[in-house]
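The values are calculated or read from the model by the stated rules, or taken from the named source; none is laboratory data. Please read all numbers here as calculations on a predicted model, not as lab measurements. Here the Cβ is made from the backbone with ideal geometry for all residues, glycine too, and neighbour counts use every protein chain on show. These area figures cover heavy atoms from the full protein model, side chains too; ligands, DNA and RNA do not enter into them. Shrake-Rupley method; radii C 1.70, N 1.55, O 1.52, S 1.80 Å.
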Amino acid sequence: MSNRERFANLTYDDFRALAREEGLSKYERIGFPDSYREGAEPAIFADIRRKLTALEGKSARIADIGPGCSDLPAMLINLCRTQGHQLTLLDSDEMLANLPDAPFIEKRITRFPDCSDWIAANEGTFDAVLCYSVLHYVLVDGPIFGFLDAALSLLAPKGQLLIGDIPNISRRKRFFSSEAGVEYHKAFMQTDAPPVVEFNRIERNQIDDAILFGLAHRARAQGFDAYVLPQDPALPMANRREDLLVIRP
């Protein structure tokens, strides 16, 4: 089985197992082959900071839903230390055990949003909520609109929610139907054959334009501003992934 096949359609419990499996890299523990993330996380974090501007303030309340255990949460922890933020990390015990402890960090062991008491106690109190490379697993493992609603409920006035690195199968198809996409595929796969692209078919366990823009519409209908944003072209999967930024007025 290839790494791509192994890391497809993972569940919360699958990630718990990966977090404690011997011999895996820090990227494989969060469901990525090394080639997808190694050396790319500084650029990823810079892109996050450009969009989640509340991180640049002082003494804010920050939450990271599903931080995993690569260098990305370490960068967030260091920024929160520098800026005087309070940081809440929500993930499995197995993942959180791989991250450092500090007085400004709260580790909440949970599969979000299966923590209704905590969510109710923290409604409207967070200045920034980050959820990166997670949403496509929510589609497999839980209610995607319920996930969004719970995350939105955490936002304080002017608070920001960034659901980042969302694989969009519709965008992927558009890209691989283009001249640039065909050349990219040939170079990456080391083949002369063009990619196989099929429109008008059922795509199980895949996020498409309808789901992504449906999430944005749902947020707007509940009184939030919502935007589907491109990633920095320097990011490893910017040609087929997008970000959703939601702001409470």
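Structure summary
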item: Carbon and sulfur %, accessible surface of region 152-249 computed with the full protein complex present, 1.4 Å; result: 52 percent
item: Equivalent ellipsoid dimensions for region 84-198 as semi-axes, Å, which come from the Cα gyration tensor, largest first; result: 37, 17, 14
item: Debye equation applied to the C-alpha atoms of the chain, log10 I(q)/I(0) at 0.08, 0.12, 0.16 Å⁻¹; result: -0.30, -0.70, -1.27
item: Label-zone membership for region 46-89, site W118, 7 angstrom Cα→C-beta point, backbone N under 16 Å; result: 62-69, 86-89
item: Descending semi-axes in Å of region 23-90, equivalent ellipsoid built from Cα gyration tensor; result: 23, 13, 9
item: Hydrodynamic radius of region 134-249 per Kirkwood, over alpha carbon pairs, in Å; result: 15.5 Å
item: 222 nm mean residue ellipticity, helices alone, for the chain (DSSP H n ≥ 4; -39,500 (n - 2.57); rounded to 500); result: -11000 deg cm²/dmol
item: Gap separating the Cα centres of region 141-219 and region 86-120, nearest whole Å; result: 26 Å
item: Rounded tilt (10° steps) of 179-189 against the dominant C-alpha axis of the chain; result: 90 degrees
item: Distribution of pairwise C-alpha distances over region 1-114, 5 Å bins, in %; result: 2, 11, 21, 22, 20, 15, 6, 2, 0, 0
item: Whole-number accessible area per residue in Å² for the chain, which is evaluated in the context of all protein chains at 1.4 Å; result: 48 Å²
item: Relative contact order %, the chain, counting alpha carbon pairs below 8 Å whose residues are six or more apart; result: 18 percent
